[in-house]
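Single-structure report; data block below.
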Amino acid sequence: MISSTKRGRLAGAAVLTVAAVAGLAACSSGGTATDSSSAAAAGGTYTFWDPYPQFDETADWSKLVAKCGTDNGVTIERTGYDTSDLTSKALLAGQQGNSPDVLLIDNPVVSTLADAGILTTTKDLGLDTSNFEPNILAAGQSNGDTYGVPIGANTLALYYNKDVLAAAGVDIASVTDWDSLNAALAKVKAAGKQGITYAGIGTEEGSFQFLPWFWGAGAELTDLSSPAAADAATLWTDWVQQGYAPNSVINNTQTTSWQEFLTGDFAFSENGTWQLAGADKSGLNYGVIPIPGKTGGSAAAPTGGEFVTAPVQKDTSRYATTEKIISCLTSNENLLNTDTTLSYVAPIASVQQQQVAANPELTPWVAAVGAAQGRTSDNLGTKYPIISEQMWGGFQNAMSGSQSPSAAMQAAQTAAAAGTQ
């Protein structure tokens, strides 16, 4: 099981711009990549990089990767890197022409690597994507092309403490939109407990947690200054100012906010699928609901998780075997085992149904993933990290009281527009 700290990094992994490649070349220690053409000449070895350094060769994941190689007549040389380190190495390897054959990468990074010309498209690879859920697959699409397929998805929802809500006289079924959520928070505060905790830190983790409220208000990333965007910033600001959320949310990561929820003093915590194991072990009497939209329904939450991609190779004859390896890793049977291990929701509907049948507590998570969308969707690509940085600056300024929510988001849009021209 991947730790909550690791999952925080997945959700908030740095997305590097193509311009950073030159800097990476200057600071890289080098020598870790294997030249694919040399590997082939050495006897059918295919290189595979992923962001799972915690899995050694005895882990089920490592065994699956190896088996997908041997089943297709090759040996896979797998290396696990930290998420941010993997991005740097992938950019540098692509620049130097010695990319791995298969690369498992955090989904917001896909567009960066595609824009750098490092990745093949699924069409070029001959990889079938028809079974994958369109909203999950969209995180790996740019300008009409698809680059790889998802290994699974995680996203955000609201954990709630049943005992805290019961003591405050709140029926969770009544929480269906922002007004009813605010009413519940007011009752919890009046009962002497804490309302809600979340990660409002000024990093990608904060943007990741802000997006369900931003999208749930009807806002779009192309306009951070819209009335809907200001509504989302106002919601978070009001929670702090009214005492429904602690001041600590301004600096909270997803890990620290989760630790607050585990004290048993909070009614709600915005967090992800990766906390399920910890929730079960905690002894808390908890439940999960999708994050509500402003006027009802499930808000779109951002998709987390990784894509299996095929970097560009000098020897294009290698692609046929690469396609078979990726198809093996993302077959229904293997996805079920892998996504259960990683606490992911599968990217294929039929596998999701199998997961829910085996573990009914995944039901709200499947619903949340069904409403989720990619951070780089809408062809934002490498513009997203620029927009995200200004967005987190906006809600941080609003929550701290240095600017009104409307003024903060207007300033964020002005800076984002200048940065993405």
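Tabulated data
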| read-out | value |
| --- | --- |
| Among beta bridges that DSSP assigns inside the chain, antiparallel share in %, nearest 5 | 65 |
| Accessible area in the full protein assembly, largest first, 1.4 Å probe, for Cys68, Cys328 | Cys328, Cys68 |
| Rounded accessible area per residue of the chain, 1.4 Å, Å² | 37 |
| Pairs of Lys in the chain closer than 20 Å at Cα, counting only those 8 or more apart or on different chains | 13 |
| The chain: angle of helix 60-70 to the longest principal axis, Cα-based, in degrees nearest 10 | 30 |
| Principal-axis tilt of helix 384-400 within the chain, Cα atoms, nearest 10 degrees | 20 |
| Assigned charges on the beta-carbon of Lys, Arg, Asp, Glu; the chain dipole about Cα centre (debye) | 340 |
| Segment Thr222-Asp179, length gained on full extension (0.36 nm per residue, minus Cα span) | 12.9 nm |
| Global geometry of region 193-239, whether rounded, prolate or oblate, following the gyration tensor of its Cα atoms and the 1.5 cut on a/c | oblate |
| Added length on full extension, which subtracts the Cα-Cα distance from 0.36 nm per residue, Gln96 to Ser331 | 81.4 nm |
| Between helix 178-190 and the chain: long-axis angle, C-alpha atoms, 0 to 90°, nearest 10 | 60 |
| Net lengthening on full extension, Gln241/Asp85 (0.36 nm per residue, minus Cα-Cα) | 52.3 nm |
| Within the accessible area of the chain (1.4 Å probe), percent carbon and sulfur | 49 |
| Most positive-pole-ward Cα, Gly381, Trp365, Gln352, against dipole of region 266-388 from beta carbon charges | Gly381 |
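The values are calculated or read from the model by the stated rules, or taken from the named source; none is laboratory data. No experiment lies behind these values; they were computed from the predicted model shown. When we count neighbours, we look across all protein chains shown, and the Cβ atoms used for this are built from the backbone with ideal geometry, even at glycine. SASA here: full protein model, heavy atoms, side chains in, ligands and nucleic acids out. Shrake-Rupley method; radii C 1.70, N 1.55, O 1.52, S 1.80 Å.
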